[in-house]
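Engineer: Please read through the structure below; I'll follow up with questions.
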Amino acid sequence: MDSRISDPQARHGEAAFPGLPLRDTARDALKIVLVGGFGAGKTTMVGSVSEIRPLSTEELMTRAGVGIDDAGRLPDKNSTTVAFDFGRITLNAYQVLYLFGAPGQQRFWFLWDRLFSGTLGAVVLVDTRRLEDSWFAVDRLEHGGMPFIVAVNRFEAPGAGPEPDLAQIREALCLSERVPLIDCDARRRESSKTVLITLVKYLAHCKKSAAARETAP
Ligand SMILES: Nc1nc2c(ncn2[C@@H]2O[C@H](COP(=O)(O)OP(=O)(O)OP(=O)(O)O)[C@@H](O)[C@H]2O)c(=O)[nH]1
Ligand SMILES: [Mg+2]
């Protein structure tokens, strides 16, 4: 099989990776995992937001995957993550995020346990054309008690009906009102960064609430 380190930013015609060195003042390293269904845009998001050239374990999808790799509704997709993506983003002088993108295909879900080890929080990336592909991720995070947010990566689908709004998506995923739910475009750095900042703020909120519960009489 043809294995390669891909360059998602180059795919979308954006700037090359600046390759920023880690700041000397960085002291909080936060591990974040990006999960979601097959082809929801996880590798794309890691690539758009990372300040270093991301590690991507992409394999070409070949005829051997027909019937297994459900790429029917993803005509432009010709590769899939077989292990994980890795990127880094500096949020401020002190906080650095290490971002791991999980593989989306069911046959690689056994790798998620390893990826979740030491993880502070997660982003579930949702493709509205295949909402049901997100159920497993949401269930898994809820049962594991890991804080997460949901980001809706909207694909333009010519001829498709009206797009569900965020309230409809919340209902379809049976998401608690507490879980932040936002729109994004995984191809755009600023949008992907907003997703990560939303997660970090939510993690801070969860930590504060837990501390308040502990000190409550
Ligand atoms: N139109 C459109 N295409 C997108 C968007 N995000 C990603 N893509 C494309 O959709 C395809 C799937 O993206 P990936 O990033 O490989 O998806 P993934 O979730 O990592 O997929 P797996 O690792 O195989 O589960 C790629 O061809 C992307 O270029 C989007 O917001 N809009
Ligand atoms: Mg991927």
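The values are calculated or read from the model by the stated rules, or taken from the named source; none is laboratory data. Here the structure is a predicted model, which means the values were calculated and not measured. Here the Cβ is made from the backbone with ideal geometry for all residues, glycine too, and neighbour counts use every protein chain on show.
Engineer: Please indicate, with yes or no, whether at least one residue in segment 132-147 is part of a strand (DSSP E or B), modelled with pLDDT of 95 or more and within 20 Å of MET45 (Cα to Cα). Even if it seems obvious, please write down each step before you answer.
Structural biologist: Going through segment 132-147, the residues part of a strand (DSSP E or B) turn out to be none.
No, the conditions are met nowhere in segment 132-147.
Engineer: Of the conditions (1) touching a Phe, Trp or Tyr at 6+ places or on another chain (Cβ under 8 Å); (2) surrounded by fewer than 15 Cβ atoms within 10 Å (Cβ to Cβ), GLY118 satisfies every one except a single condition; which number is it?
Structural biologist: Result: GLY118 fails condition (1) only.
Engineer: Filtering segment 166-196 down to residues that are of a type in the set (Asp, Glu) and loosely packed, with under 12 Cβ neighbours inside 10 Å, which residue is nearest to ALA137 (Cα to Cα)? Before you say what the answer is, go through the steps one by one.
Structural biologist: Residues of segment 166-196 of a type in the set (Asp, Glu): 171, 177, 183, 185, 190.
Filter once more, so that each one left must be loosely packed, with under 12 Cβ neighbours inside 10 Å: 171, 177, 190.
Numbers: GLU171: 16, GLU177: 17, GLU190: 24 Å.
Among residues in segment 166-196 that are of a type in the set (Asp, Glu) and loosely packed, with under 12 Cβ neighbours inside 10 Å, the one nearest to ALA137 (Cα to Cα) is GLU171.
Engineer: Here's a check for you: in segment 99-119, which residue that is at pLDDT below 95, over 11 Å from PHE38 (Cα atoms) and not polar (S, T, N, Q) is farthest from ligand 2 (Cβ to nearest atom)?
Structural biologist: GLY118
Engineer: A follow-up question, please. If you check every pair at least six apart or on different chains, which have Cβ atoms under 8 Å apart with a residue in segment 89-104 that is in contact (Cβ under 8 Å) with a residue 60 or more places away in the chain first and a residue that is within 16 Å of ligand 1 (Cβ to nearest atom) and among the basic types (Lys, Arg) second?
Structural biologist: From residues that are in contact (Cβ under 8 Å) with a residue 60 or more places away in the chain, the pairs are ILE89/LYS193; GLY101/LYS42; ALA102/LYS42; GLY104/LYS42.
Engineer: Identify, please: which residue in segment 83-93 is of a type outside the set (Gly, Ala, Ser) and at pLDDT below 90 and is, among those, nearest to ligand 2 (Cβ to nearest atom)? Talk me through it step by step, then tell me what you get.
Structural biologist: Narrowing segment 83-93 to residues of a type outside the set (Gly, Ala, Ser): 84-86, 88-92.
So of that shortlist, the ones also at pLDDT below 90 come out as 91-92.
On the way: LEU91: 23, ASN92: 28 Å.
My answer is LEU91.
Engineer: Please specify each residue of segment 164-217 satisfying the condition of being assigned to a helix (DSSP H, G or I) and among the acidic types (Asp, Glu).
Structural biologist: The answer is GLU171, GLU190, GLU214.
Engineer: For SER79, state whether it is farther than 22 Å from THR194 by Cα, within 16 Å of ligand 1 (Cβ to nearest atom), small (Gly, Ala, Ser) and modelled with pLDDT of 85 or more. Lay out the reasoning, then the answer.
Structural biologist: Working: farther than 22 Å from THR194 by Cα: yes; within 16 Å of ligand 1 (Cβ to nearest atom): yes; small (Gly, Ala, Ser): yes; modelled with pLDDT of 85 or more: yes.
Answer is yes for this residue.
Engineer: Also, quick follow-up: Report, ordered by the first and then the second residue, all pairs with beta carbons closer than 6 Å, sequence separation of six or more or different chains, a first member in segment 110-125 that is touching a residue at least 60 places away in the same chain (Cβ under 8 Å) and over 21 Å from ALA186 (Cα atoms), and a second member that is part of a helix (DSSP H, G or I) and among the small types (Gly, Ala, Ser).
Structural biologist: Partner pairs satisfying both residue conditions: none exist.
Engineer: Let me ask something else about it. Spot the failing condition for LEU199; the list is (1) surrounded by fewer than 19 Cβ atoms within 10 Å (Cβ to Cβ); (2) under 14 Å from LEU34 (Cβ atoms); (3) away from ligand 1 (no atom under 16 Å from the Cβ), and only one is missed.
Structural biologist: (1)
Engineer: Pick from segment 97-111 the residues that are more than 11 Å from ligand 1 (Cβ to nearest atom) and touching a helix residue (DSSP H, G or I) at 6+ places or on another chain (Cβ under 7 Å): which of them is farthest from THR198 (Cα to Cα)?
Structural biologist: PHE100
Engineer: How many residues does segment 8-35 contain that are at pLDDT 95 or above and within 12 Å of ligand 2 (Cβ to nearest atom)? Steps first, please.
Structural biologist: Of all residues in segment 8-35, those at pLDDT 95 or above come to 31-35.
From what is left, the residues that are within 12 Å of ligand 2 (Cβ to nearest atom) are 34-35.
The number of residues fulfilling the criteria is 2.
Engineer: Same structure, new question: If ASN92 satisfies every condition in (1) within 27 Å of GLU51 (Cα to Cα); (2) buried (at least 20 other Cβ atoms within 10 Å of the Cβ) but one, which is the exception?
Structural biologist: (2)
Engineer: Does any residue of segment 60-70 turn out to be away from ligand 2 (no atom under 12 Å from the Cβ) and at pLDDT 90 or above?
Structural biologist: no
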